[in-house]
């Protein structure tokens, strides 16, 4: 697809969708109000997020607005639909309007938004673990919700379900199930999801399936899928040298799974620096240069008393990788105070230019001198940051303006 148009039914929802896409590195243009004629189509690689302002309108008006907008876009423009996190609005009729204009497409409905307490299990959408009709949403004056069963919102649209039993399996198995449902004639697939990882897996499977998938969700699934289609992250790799073996750091590394193409180099604190360096050179020789994230870390079973030697070895390996990969490395993340200090010493760096606080106590900046002057860097302690801290650091390094390096 050349670009995507994301149709939203209210302003706040369009803003949520826009920032989720921007955080994924997708170029975004947000239309906050329609002014008579349909907006100009999205540019190459762009996501055009449109507030259609249809939630407060009648079903007939909403369909008319959708059809006018959809009719203005060529078939090479992808379509997505942003829905409310609690299923308010014209979900079925607006999705039907999209499917009418895209006869070969299927709507992938993923209502979950785990970070805001919205999950979908057994086809039922839950708000903080409760059925929607048992929450205050049921008393909404404009859109009182009487059922949490998502397929009921898409009656007459040949809706099928992708159960959690399937979603929890491998990406390949999700692809097989998706193709099976499509071969049986489904135009709408309602997928269960309980975690961000579930959503990432559904997005990866949808993208890899090569089917014409229209994401229908409150934001996370669309952002995950469109980032795979449209992301303009600069070419190059982010190098992460992680000295911390804390539980928090392990969770931050686990959170990356499926979100960034990555490779990992693990060394044992018991092996010599020379042996680790030799293995590293072999590893780098066979490395796929399209990988976005390269992680160096010690085996979690660090021997007591070996912490300083481990940090020094990590620093050496980080310097060696930068020397071998050269300008292909976009930036470096250093986690663990000793590891960061020893890396800067090995690199001959004495000064940094602070640029931003990515998260509390996690600084992004630029090395000012030494062997890698100009290289973007992020420093963080092992007990610092939210679960997505390493991901956010990697994203900042990927998207930060490229620095001039000697």
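The values are calculated or read from the model by the stated rules, or taken from the named source; none is laboratory data. Computed from a predicted model, the values in this text were never measured in an experiment. Every residue, glycine among them, receives a Cβ derived from its backbone with ideal geometry; neighbour counts consider all protein chains shown.
Values for this structure:
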item: Selection status of residue 208, in the same structural domain as residue 85 (by TED's automatic domain parsing), surrounded by fewer than 24 Cβ atoms within 10 Å (Cβ to Cβ) and closer than 22 Å to residue 90 by Cα; result: no
item: Test: residue in segment 187-209 that is in a loop (DSSP other than H, G, I, E, B), closer than 15 Å to residue 102 by Cα and touching a helix residue (DSSP H, G or I) at 6+ places or on another chain (Cβ under 9 Å); result: yes
item: Meets criteria (touching a residue at least 40 places away in the same chain (Cβ under 8 Å) and over 29 Å from residue 384 (Cβ atoms)) for residue 253; result: no
item: Filter result (assigned to a strand (DSSP E or B) and surrounded by fewer than 19 Cβ atoms within 10 Å (Cβ to Cβ)) within segment 32-54; result: 35, 37
item: Residues being touching a helix residue (DSSP H, G or I) at 6+ places or on another chain (Cβ under 8 Å) and not in a helix (DSSP H, G or I) - total across segment 299-341; result: 10
item: Residue within segment 308-315 that is under 20 Å from residue 25 (Cβ atoms) and in the same structural domain as residue 363 (by TED's automatic domain parsing) present; result: no
item: Test: residue in segment 377-398 that is modelled with pLDDT of 90 or more, surrounded by 17 or more Cβ atoms within 10 Å (Cβ to Cβ), in contact with a helix residue (DSSP H, G or I) (Cβ under 9 Å, 6 or more places away or on another chain) and farther than 30 Å from residue 24 by Cβ; result: no
item: Answer from 346, 394 - the residue that is in contact (Cβ under 8 Å) with a residue 12 or more places away in the chain, touching a strand residue (DSSP E or B) at 6+ places or on another chain (Cβ under 6 Å) and not in a strand (DSSP E or B); result: 394
item: Within segment 8-31, tally of residues that are under 28 Å from residue 398 (Cα atoms), in contact (Cβ under 8 Å) with a residue 24 or more places away in the chain and not in a helix (DSSP H, G or I); result: 4
item: Residue in segment 192-204 that is over 22 Å from the mean Cα position of the chain (by Cα) and farther than 20 Å from residue 9 by Cβ present; result: no
item: Matching residues, segment 253-278, being part of a helix (DSSP H, G or I) and loosely packed, with under 14 Cβ neighbours inside 10 Å; result: 254, 274, 275, 278
item: Residue 364 being under 25 Å from residue 246 (Cβ atoms) and surrounded by 19 or more Cβ atoms within 10 Å (Cβ to Cβ); result: yes
item: Which numbered condition residue 260 fails, given (1) more than 27 Å from residue 199 (Cα to Cα); (2) touching a residue at least 40 places away in the same chain (Cβ under 8 Å); (3) touching a strand residue (DSSP E or B) at 6+ places or on another chain (Cβ under 8 Å); result: (1)
item: Single unsatisfied condition, residue 326 versus (1) more than 24 Å from residue 22 (Cβ to Cβ); (2) under 22 Å from the mean Cα position of the chain (by Cα); (3) surrounded by fewer than 17 Cβ atoms within 10 Å (Cβ to Cβ); result: (2)
item: Candidates 106, 26 - the one that is buried (at least 19 other Cβ atoms within 10 Å of the Cβ) and at pLDDT below 95; result: 26
item: Hey, residue 66 modelled with pLDDT of 95 or more and within 23 Å of residue 259 (Cα to Cα) or not; result: no
